[in-house]
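Novice: Just dropping this structure here.
None of the figures in this text is laboratory data; all of them are computed from the coordinates on show. Since the structure is predicted, the reported quantities are computational estimates derived from the model, not experimental observations. A quick note on method: Cβ atoms are made from the backbone with ideal geometry, for glycine too, and the neighbour counts reach across all protein chains shown.
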Amino acid sequence: MSSLLISSRCFLFKNMPFSIWVCAQSRDKRATASMLPSGGHWAKTTCPLPTTINIWFTVPTIITKTQESCMQPIRLGLVGYGKIAQDQHVPAIHANPAFQLVAVATQGQPCAGVENFKSLGELLESGLHVDAIAFCTPPQGRFALVQQALAAGKHVLVEKPPCATLGEAMALVQQTAEQGVSGLFAWHSRYAPGIQAARDWLSTRTLHSVQIDWKEDVRKWHPGQAWIWQPGGLGVFDPGINALSIVTHLLPRPLFVESAELRVPSNCQSPIAASIKMSDTQQLDIRAEFDFDHGHDELWSIEVRCAEGTLRLDNGGALLSIDGVRQAVSEEGEYAAVYRHFQQLINTNASDLDVQPLRLVADSFFVGSRATVEPFYD
């Protein structure tokens, strides 16, 4: 008399039809099979005692909780529906199948095709299922909104600059960790096509100096956005912080502000231009010129001089050249990469909440001299 030991495992499946095939091979090499159809009844066959049994699951195989969450789109709410949300966030969200835009909280024009609410509180109280919230509101007043979303257990993506003050940003870092959710301070310029290639090249070079020129016309890029000139609006540092986010990502050591000259229109609270001198722990010479009233074509460039050659980023990091020779760069857009990174953070229960660019802005205001210049009119 022969005996047969069969090792088995128990799997938990989602509620869906599935089939199990059992293929048995006998000692005399004759094969037979049994099938458990979706109806749940065995189709029996007879055969000599098998020596091996193989089991195939047609659908599904094994679905773990993590895999299941990765298969479902991340249901996203958007707070603020102004220019940056409409031009950048919404197209990037729609282009990424990992996300589903389900709600927008705005006091302005509604967003077509989704639920619209007058406030974040109204959205959260509606009962609509939302996994994550992206914030595209001005930095003033954003802190309380992000706190509210974190307290509700939502993952958060926060447009740059994350808050009006460094202290607020640091508090959000702590609260995100305490809530056990994922957070991203979206320094979008770090995802420009040429940045990763530039970072890779610089990682093995001897750095000599860095020159930043970040100049644009506020009337073109921020028309009618009076909040920029109010306390906490940052003025020229609103675009300038993009350059700071790039250099803090490219360079290997922490940066420090040595001096700054801030030029403030007589009818505004925030600077329209700035000159900044920075260094790192090895006295690297870093200079930055910011101008928000640049009447010509935009100039968004960073030049890094090294012993082995000169690297230059233009067009905000979209173009990369080394010793004047154009280099290959990524074809992925900034905000597409931002949301891909946000998806990865959520799936791995991680956060990316860097406050260094905002710290450099705060230090510029802290140590900088202030010069009053002619009034600004939009």
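Novice: Work through the residues other than Gly232 whose Cβ is under 12 Å from its Cβ and net out their charges, Lys, Arg +1 and Asp, Glu -1. Don't skip to the answer; put the middle values down first.
Specialist: Details: positive: Arg142; negative: Glu168, Asp238.
Charge balance near Gly232 sits at -1.
Novice: By the scheme Lys and Arg +1, Asp and Glu -1, what is the net charge of all other residues having a beta-carbon under 15 Å from that of Leu157?
Specialist: Numbers: positive: Arg75, Arg142, Lys154, Lys160, Arg190, Arg340; negative: Asp131, Glu159, Glu334, Asp352, Asp354.
Residues close to Leu157 contribute a combined charge of +1.
Novice: Treat every Asp and Glu Cβ in the range 231-378 as -1 and every Lys and Arg Cβ as +1, leave all other atoms uncharged, and give the resulting dipole magnitude about the Cα centre to the nearest 20 debye. Could the numbers behind the result be given before it?
Specialist: Values: 10 positive and 22 negative charges, 80 e Å.
I would put it at about 380 debye.
Novice: Based on the mean of other beta carbon atoms within 10 Å per residue, what is the order of 189-197, 296-304, most packed first? It would help to have the intermediate numbers written out before the result.
Specialist: On the way: 189-197: 22.6, 296-304: 16.9.
Answer by packing, highest mean first, reads 189-197, 296-304.
Novice: How far is it, in nm, from the label point at Glu178 to the one at Ala328 when both lie 7 Å from their Cα along the line to the Cβ?
Specialist: Taking the two extended label points, one gets 4.8 nm.
Novice: Let me ask something else about it. Which loop-located trypsin sites (Lys or Arg not before Pro) does the range 101-174 contain, where loop means any DSSP state but H, G, I, E or B and the Cβ has at most 13 other Cβ atoms within 10 Å? If you can, show how the numbers build up before the last one.
Specialist: Numbers: sites: Lys118, Arg142, Lys154; in loops: Lys118, Lys154.
Here the sparse-neighbourhood loop sites are Lys118.
Novice: How would you rank Met71, Met170, going from fewest to most other Cβ atoms within 10 Å of each one's own Cβ? Don't skip to the end; give the middle numbers.
Specialist: Values: Met71 9, Met170 16.
By the 10 Å Cβ count, ascending: Met71, Met170.
Novice: Using the Karplus equation 6.51 cos²θ - 1.76 cosθ + 1.60 (θ = phi - 60°), what ³J(HN,Hα) coupling, rounded to whole Hz, does each residue of the range 128-141 give in order, writing x for Gly and Pro?
Specialist: So the Karplus estimates, Gly and Pro as x, are 5, 6, 9, 8, 9, 10, 10, 10, 10, 7, x, x, 5, x Hz.
Novice: Okay, moving on. Can you check what the net charge comes to around Ala274, using other residues whose Cβ is under 15 Å from the Cβ of Ala274 (Lys, Arg +1; Asp, Glu -1)? Intermediate values should be presented prior to the final figure.
Specialist: Working: positive: Lys215, Arg263, Lys277, Arg287, Arg370; negative: Asp213, Glu216, Asp238, Glu258, Glu261, Glu289, Asp291, Asp293, Asp363.
So the environment of Ala274 carries a net charge of -4.
Novice: For an R0 of 30 angstrom, estimate the FRET efficiency from the Cβ-Cβ distance between Ser369 and Ala307 and round to the nearest 0.05.
Specialist: Values: r = 34 Å, r/R0 = 1.12.
In this case the efficiency is close to 0.35.
Novice: Which whole-Hz couplings ³J(HN,Hα) result when phi for each residue of the range 194-207 is put into the Karplus expression 6.51 cos²θ - 1.76 cosθ + 1.60, θ = phi - 60°, listed in order with x for Gly and Pro?
Specialist: Per residue, the Karplus-derived 3J(HN,Hα) values read x, 5, 5, 5, 5, 4, 4, 5, 5, 4, 10, 10, 9, 7 Hz.
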